[in-house]
Amino acid sequence: DLHPIELGEAYSSLLKNFNHGDQSKLARKLSVSNSHISETLSLSRLPEEIKEYLLEKNISQRSVLRKLSTYNDVDQMKNFLG
């Protein structure tokens, strides 16, 4: 099982490097919802230090990851993570 961060990186790579079309086309190919692809891709855009922390601490709860995606500032993310 991949961590959601790793999955987001994989989706991003598929879209950029392997000509799988847009998010909707990738979602159909993988038999997942477009919203799942979109939400998971947003994790790949988190700052590297935040992604590393999440992986190191194995934080994968959807509610936490979704909340992090709403912040624009690394310091806000760090404060949220405690």
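Brief remarks on what is shown
- Leu7 vs. criteria in contact with a Phe, Trp or Tyr (Cβ under 9 Å, 6 or more places away or on another chain), over 16 Å from Lys78 (Cα atoms) and part of a helix (DSSP H, G or I): no
- If the condition is being under 10 Å from the mean Cα position of the chain (by Cα), assigned to a loop (DSSP other than H, G, I, E, B) and modelled with pLDDT of 95 or more, then region 38-58 contributes only Leu46.
- Taking first residues from region 17-45 that are under 16 Å from His3 (Cα atoms) and partners that are surrounded by 14 or more Cβ atoms within 10 Å (Cβ to Cβ) and β-branched (Val, Ile, Thr), the Cβ contacts under 8 Å between residues at least 6 apart in sequence or on separate chains come to Leu43/Ile5; Ser44/Ile5.
- Qualifying positions in region 59-82 - within 14 Å of the chain's Cα centre (by Cα), of a type outside the set (Phe, Trp, Tyr) and not in a helix (DSSP H, G or I): Ile59, Ser60, Gln61
- The set of residues from region 22-54 being closer than 16 Å to Lys67 by Cα, surrounded by 14 or more Cβ atoms within 10 Å (Cβ to Cβ) and not small (Gly, Ala, Ser) comprises His36, Glu39, Thr40, Leu41, Leu43, Leu46, Pro47, Ile50, Lys51, Tyr53, Leu54.
The values are calculated or read from the model by the stated rules, or taken from the named source; none is laboratory data. Here the structure is a predicted model, which means the values were calculated and not measured. Note that we place each Cβ from the backbone using ideal geometry, even for glycine, and neighbour counts take in every protein chain shown.
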